[in-house]
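A quick write-up on the structure given underneath.
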Amino acid sequence: MARPYQKANIPGPEMGTTVYDPVVMANLLKSPKKKVFVIGSESIDKSMTIDGKFAAEYFVEIANKLKCHVIATGHIYKFLKDKIDANLLWDMSLINITNRLSDKDWKGMDGEGQYSMAIFGGHIVFYVSQTLSRLKNFTNWVRTIELDKYAHPNARFSLPNLSNAEWKEYLEKIIENL
């Protein structure tokens, strides 16, 4: 297990798994669970560019390969609307989708049932950490995956702490193996 990116992030008795191998992460993402990918507006911030390419561009490739529902949080909807099928894209705040994922009776964005996997990427570290903590501690039906370059002990599965170059290679390997 990698050290949490935030030193004070002490998750309690249950900690998620750090996935060091991108092929393993791709296999987790390919599982037949009903998925939603929650993409945050930080993924189009200069701090999340990898060799001049936004992290959101990698997330779009992953979402399109998975053909899963995508929730755009913050101001990223405008960036995503031409890159993701309109039938699979919604705009919602991170707090709102967290509340909905925590509601066992919610029927999902398509009305066909709750999600069993929620994938996150492009959010402020401390903000998404609280979302992941809530989902970990108050749900047992949704598994969480965090694809940012930071170790998140509150996610069921997350990446280790990576440099931008390592993160780029990791994301490219995921895409290649989906």
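Here are a few things to note about the model shown:
- Meets criteria (closer than 19 Å to Pro153 by Cα, at pLDDT 95 or above and out of contact with any strand residue (DSSP E or B) (no Cβ under 8 Å at 6 or more places or on another chain)) for Tyr5: no
- Scope the range 152-176; condition among the polar types (S, T, N, Q) and either out of contact with any Pro (no Cβ under 7 Å at 6 or more places or on another chain) or surrounded by fewer than 15 Cβ atoms within 10 Å (Cβ to Cβ) (or both); matching residues: Ser158, Asn161, Ser163, Asn164
- Some residue of the range 45-53 being charged (D, E, K, R), touching a Lys or Arg at 6+ places or on another chain (Cβ under 9 Å), modelled with pLDDT under 95 and closer than 25 Å to Arg134 by Cα: no
- Index of the failed condition, Val128 passing every other in (1) of a type in the set (A, V, I, L, M, F, W, C); (2) within 22 Å of Ser31 (Cα to Cα); (3) in contact with a Phe, Trp or Tyr (Cβ under 8 Å, 6 or more places away or on another chain): (2)
- Of all residues making up the range 134-165, the number that are in contact (Cβ under 8 Å) with a residue 40 or more places away in the chain, part of a loop (DSSP other than H, G, I, E, B) and among the β-branched types (Val, Ile, Thr): 1
Here's the yes/no breakdown for (1) of a type in the set (Gly, Ala, Ser); (2) surrounded by 19 or more Cβ atoms within 10 Å (Cβ to Cβ):
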position	(1), (2)
Lys46	no, no
Phe59	no, yes
Asn64	no, no
Ala72	yes, yes
Gly108	yes, no
Gly111	yes, no
Gln114	no, no
Val125	no, no
Val128	no, yes
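- Strands (runs of 3 or more DSSP E) (entirely within the range 20-96) containing at least 3 residues that are among the acidic types (Asp, Glu) and within 13 Å of Asp148 (Cα to Cα): none
- Within the range 13-29, residues that are loosely packed, with under 14 Cβ neighbours inside 10 Å have Cβ atoms under 7 Å from residues that are in a helix (DSSP H, G or I) and of a type outside the set (Asp, Glu) in these pairs: Glu14/Lys136; Val23/Lys173; Val23/Asn177, counting only partners at least 6 apart in sequence or on another chain.
- Yes/no for Lys136 being touching an Asp or Glu at 6+ places or on another chain (Cβ under 8 Å) and farther than 27 Å from Lys46 by Cβ: yes
The values are calculated or read from the model by the stated rules, or taken from the named source; none is laboratory data. This is a predicted model, so every value here is computed, not measured. Glycine also receives a Cβ, built like all others from the backbone with ideal geometry; neighbour counts cover every protein chain displayed.
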